[in-house]
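Remarks on the structure that follows.
Just so you know, all these numbers are worked out from the coordinates, no wet-lab data involved. Only a predicted model underlies this, so the values are computations on that prediction, with no experimental measurement involved. Here the Cβ positions follow ideal geometry from the backbone for every residue, glycine too, while neighbour counts run over all protein chains shown.
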Amino acid sequence: MVTFVTTNPGKVHEAQEYLDTPVEQLDFDYLEPQADSLAAVAAHGAREAYRHADEPVFVDDSGLTVDALGGFPGPYSAYVEDRVGVERVSRLAREETDRSAAFRCVVAYCDGTGFAATPEPVDRERRGQDQAADERAGATTDEQVHEGNDGSGAALSVKLFEGVVPGTVVEPRGEGGFGYDPIFEHAGQTFAEMDTEEKNAVSHRGRALAKFAEWYASVDR
Ligand code: ITT
């Protein structure tokens with residue numbers, strides 16, 4: 001069993017499809033720092049969630065980046081969805097000639113131990129696609145080990161797994177999924193037109209979870 005700290009049941013549903021072990025949701029709204037990078041937000045969240053839960057946890061920070069809007073809404077996707085709404089983000093993006101966008105997800109795992117000696121998970125099949133999307137979306141890293149300070153002087157390691165999927169912003173279509181799914185088209189379908197399995201097979205979260213699942217299954221706990 002692994003604990004997914006999130007307020008979003010849609011994320012948990014997708015994660016359960018990917019991981020062999022049961023995924024339990026802990027509905028805890030950790031404080032998200034204002035940062036330009038999803039990885040920084042996710043790493044901070046994982047540490048805070050671990051301190052709250054006092055057991056192994058993972059979190060996921062994700063967002064939509066629209067190329068012509070300088071990566072907006074990016075790490076502010078949840079705030080913008082709440083205050084502005086996805087239809088208005090779609091309208092804004094559709095005023096642009098270039099409607100390219102990407103969904104990015106960073107899964108961050110923390111169990112209070114260090115990961116320095118852990119072999120990095122490798123996702124060769126998807127790495128090329130991820131790199132192409134990373135370049136478009138201005139990403140810097142894939143999987144890595146981060147050390148951070150928990151405020152008590154002790155370092156808490158966090159393991160990060162990143163997934164990116166390129167697409168286009170369109171008028172809302174489809175009834176499934178959540179959040180920005182109806183306005184994000186990939187290979188001719190919006191994510192809201194796909195079922196969970198289809199979305200997971202190509203999505204940012206699916207790609208990050210695949211790496212996490214591979215690594216999680218390989219480590220001795
Ligand atoms: P937690 O932080 O509690 O996990 P959240 O929904 O607030 O839940 P984020 O802070 O990561 O999640 O914000 C992500 C935003 O991007 C939010 O508006 C989501 O609806 C949206 N989002 C994330 N993944 C998505 C996906 O797969 N499809 C559509 N929208 C997504």
Inset, instruction - Could you tell me the distance between the Cα centroids of region 165-216 and region 35-49, to the nearest Å? - result: 22 Å
Inset, instruction - Using just the alpha carbons, could you tell me how many Å³ per residue the convex hull of region 1-68 encloses? - result: 96 Å³
Legend entry - Qualifying lysines (Cα of each under 18 Å from Cα of K159; at least 8 residues distant if same chain): K211
Inset, instruction - Please give, to one decimal in nm, the separation of the simple spin-label points placed at A187 and T97, each 7 Å out from Cα toward the Cβ. - result: 3.0 nm
Inset, instruction - For an R0 of 22 angstrom, estimate the FRET efficiency from the Cβ-Cβ distance between E87 and E175 and round to the nearest 0.05. - result: 0.90
Inset, instruction - Return the distance in nm (one decimal) between the two label points of a simple spin-label model at A217 and A68, each offset 7 Å from Cα along Cα→Cβ. - result: 4.2 nm
Inset, instruction - Calculate the spin-label point distance for T21 paired with A201, positioning each point 7 Å from the Cα along the beta-carbon direction, and give it in nanometres. - result: 2.8 nm
